[in-house]
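The values are calculated or read from the model by the stated rules, or taken from the named source; none is laboratory data. These figures come from a predicted structure and were not determined experimentally. Counting neighbours? That spans all protein chains shown, and the Cβs are built from the backbone with ideal geometry, glycine included.
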Amino acid sequence: MKFLIVYSALLVGALAFERWGPGEFECANKLNTTIKTIQDIPYPAVEDNTVLNNFMLCAWKKRGLLSDDGNVNWDVLQNLLLSKDYLESSPLYKSYETFADWKDFVQGVINKCRDVRGDTDGQTVVKVQNCFLQHGFSKDG
């Protein structure tokens, strides 16, 4: 499983929305959990899962998707979702006829999810990921 963190993943997380990198492994180790534990969490995710919230908070901060004050860096997230690396690995992108169509889709989802907030910064990340899924992203990008 990949996140589109959103993400990436993401998203798609990734949104997990994205493949696991060194930052995610570091976060898992820091939080005394495993990537498998995170991968096995079904999406849309329960928003009060402390393990997931803390992991996603750490991962999004490492990727620059979340500022130190807990705000989503929407421009960074958009740039990630429009990046060549993301586009090459995203089955969802391949379903769009043109890059302009994809860009419009991404901007539309960001606009729908921009005001999503949780009780904690980690919960905000999970809620944003759930919002992306609700509006057309898949957990596999």
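Remarks
- Only listed residue being over 15 Å from the mean Cα position of the chain (by Cα) and either at pLDDT below 95 or surrounded by fewer than 16 Cβ atoms within 10 Å (Cβ to Cβ) (or both), chosen from 68, 75: 68
- Pairing each residue of the stretch 124-136 that is outside any helix (DSSP H, G or I) with any residue that is of a type outside the set (A, V, I, L, M, F, W, C), provided the two are 6+ apart or on different chains, yields C-beta distances under 6 Å for 135/112.
- Checking each residue in the stretch 25-44 for being crowded, with 20+ Cβ neighbours inside 10 Å and at pLDDT 90 or above picks out 27, 28, 38.
- Note on the stretch 84-114: residues that are under 26 Å from residue 23 (Cβ atoms), surrounded by fewer than 12 Cβ atoms within 10 Å (Cβ to Cβ) and not basic (Lys, Arg) amount to 3.
- All conditions in (1) closer than 21 Å to residue 109 by Cα; (2) modelled with pLDDT under 90; (3) surrounded by fewer than 15 Cβ atoms within 10 Å (Cβ to Cβ) hold for residue 10, with the sole exception of (3).
- Test: residue in the stretch 57-64 that is surrounded by fewer than 24 Cβ atoms within 10 Å (Cβ to Cβ), modelled with pLDDT of 90 or more, part of a loop (DSSP other than H, G, I, E, B) and on the phi < 0 side of the Ramachandran plot: yes
- Within the stretch 119-141, restricting attention to residues that are of a type in the set (Ser, Thr, Tyr) and modelled with pLDDT of 95 or more, the residue that is farthest from residue 40 (Cα to Cα) is 120.
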